[in-house]
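Asker: Sharing a structure with you now.
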Amino acid sequence: MTNRKRTALLMNLFLFPGSGHLYLKKWISGSLIALVCVLTILWGSLVFEMELIKQMNLNGGLSVLFTHASEFAKKAFINDLKAHTLWMGLLGVIWLAAALHLFACHAEASLQRGKGGCRSPESADKT
C-alpha cells in the first residue's frame, strides 16, 4: 500500500468518512459517502431535538428549560434510546464501510495491474 493510499485510509478512519476518497480524487464516491454521513448526523440531531422539545413542553415550557437543561437532555436521551442507538450504529457502519470501500478499491486496482497482495518468490529473487 502506497503512502498516498495509506494516508487516504487514515483520513477515512480518523477524520471523516469520504475524506480519503476525496483525497484520492474519487469525487463521486467520496461526496456520496460524506453526504450520507452528514445526513445521518443531522437526522440523529433532529430526533434528539424533537424529544428535547417534547420534554420541555411536558414540564413547563421554555423558562424551565434554562434552569433544568441537563435533566431535560438526560430524559430526552433515555426516552428515545432506541433511535439514538440506531443512528449511532448507522454512523459507525458508514464509517467502517467507507474505510473498507477504500481498501477494497485499492485491492481491486492492485489485482488489475497484476500486483497481487503478496510478492511471489520469483519476483523477490529478482530484486
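Asker: Consider segment 23-54. How many of its residues are touching a Gly at 6+ places or on another chain (Cβ under 6 Å) and surrounded by fewer than 19 Cβ atoms within 10 Å (Cβ to Cβ)?
Answerer: 1
Asker: May I pose another question? Does segment 11-45 hold any residues that are aliphatic (A, V, I, L, M), assigned to a helix (DSSP H, G or I) and within 15 Å of Cys105 (Cα to Cα), and which are they?
Answerer: The answer is Leu22, Ile28, Ile33.
Asker: Residue by residue through segment 1-10, note down the ones that are assigned to a helix (DSSP H, G or I) and not hydrophobic (A, V, I, L, M, F, W, C).
Answerer: Passing the criteria: Asn3, Arg4, Lys5, Arg6, Thr7.
Values quoted throughout were computed directly from the atomic coordinates according to the rules given, and no laboratory measurement underlies them. Note that the structure is predicted; figures quoted are calculated from it, not measured. Neighbour counts are summed over all protein chains in view; Cβ atoms, including those assigned to glycine, are modelled from backbone coordinates with ideal geometry.
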